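All remarks here apply to the structure that follows.
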Amino acid sequence: MMPIGPLMIEHRLIERMIRLLKQQLEKVGRQKKPDPVFIDVAVDFIKNYADRCHHGKEEDILFRDLAKKGLSDEHKGIMGELLEEHARARKATKSLLDAKERYLTGNADALSDIVDAITWLVNFYPAHIEKEDRQFFMPVMGYFTKQEQDAMLREFYEFDRNLVHATYRGIIERMERT
């Protein structure tokens, strides 16, 4: 398997969450009331799975290794766009969480911010995933030898193996500080 295999498999799960977010958006439109528990679960998924796990492998391993190669201008440009998009997704996710918190404290205006953040995420992820899957992942594998691809795949597995420990260590450390 090429290293992009696990990344593309992760995309399918992210797409499932985006479908659920779209359903939540429609529900909020009908009921004029968000589901704070759903938002917490969705934000947790996006922060920990889509960003920390998935984007982490892309940025910390794939993009790091690509930066050492003589990328074409096209591939350098796409990689730069993907990094910017990851940063914007983090910002939108934070906005969603902040808006939910404001909504829970009685700020009625926060409902439109919740809708805006979910709308942004629902529109962003399909186009972002399409760009990675169709325009970037396959072409950039050509920069790597089979041995380099195998080493990257092993590093992906090690990254995932250590992620749960880092996640829960961080949770405990934040709880201890408060």
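For a quick check of your reading of the model, give me the residue pairs whose first member lies in region 59-85 and is within 18 Å of Asp133 (Cβ to Cβ), whose second is among the small types (Gly, Ala, Ser), with beta-carbon atoms closer than 9 Å and at least 6 apart or on different chains.
Note: pairs meeting the criteria are Met79/Ala67; Glu85/Ala127.
Counting only residues that are among the β-branched types (Val, Ile, Thr) and surrounded by 12 or more Cβ atoms within 10 Å (Cβ to Cβ), which one in region 12-64 is nearest to Met79 (Cα to Cα)?
Ile61
For a quick check of your reading of the model, give me the residue pairs whose first member lies in region 138-161 and is touching a residue at least 12 places away in the same chain (Cβ under 8 Å), whose second is of a type in the set (Val, Ile, Thr) and surrounded by 13 or more Cβ atoms within 10 Å (Cβ to Cβ), with beta-carbon atoms closer than 8 Å and at least 6 apart or on different chains.
Met138/Ile4; Met141/Ile4; Met152/Ile61; Glu155/Ile61; Phe156/Ile61; Phe159/Ile61
In this structure, does Met2 turn out to be within 15 Å of the chain's Cα centre (by Cα) and surrounded by 14 or more Cβ atoms within 10 Å (Cβ to Cβ)?
In short, no.
Among the listed residues Arg154, Arg134, identify the single one that is farther than 19 Å from Ile14 by Cα and of a type outside the set (A, V, I, L, M).
Details: Arg134 fails: farther than 19 Å from Ile14 by Cα.
The conditions single out Arg154.
Ile118 passes all but one of (1) part of a helix (DSSP H, G or I); (2) under 24 Å from His54 (Cα atoms); (3) over 18 Å from the mean Cα position of the chain (by Cα); (4) not small (Gly, Ala, Ser); which number fails?
The failed condition is (3).
Given the conditions (1) surrounded by fewer than 16 Cβ atoms within 10 Å (Cβ to Cβ); (2) over 18 Å from the mean Cα position of the chain (by Cα); (3) part of a helix (DSSP H, G or I), and given that Tyr103 satisfies all but one, which numbered condition is not satisfied?
Result: Tyr103 passes all but (1).
Suppose the filter is surrounded by 11 or more Cβ atoms within 10 Å (Cβ to Cβ), at pLDDT 95 or above and under 30 Å from Gln24 (Cβ atoms); does Leu163 pass it? Before you say what the answer is, go through the steps one by one.
Values: surrounded by 11 or more Cβ atoms within 10 Å (Cβ to Cβ): yes; at pLDDT 95 or above: no; under 30 Å from Gln24 (Cβ atoms): yes.
The answer is no for Leu163.
The values are calculated or read from the model by the stated rules, or taken from the named source; none is laboratory data. Every value quoted in this text rests on a predicted model; they were computed, and no experiment measured them. Ideal geometry is used to build each Cβ from the backbone, glycine not excepted, and the neighbour counts take in all protein chains shown.
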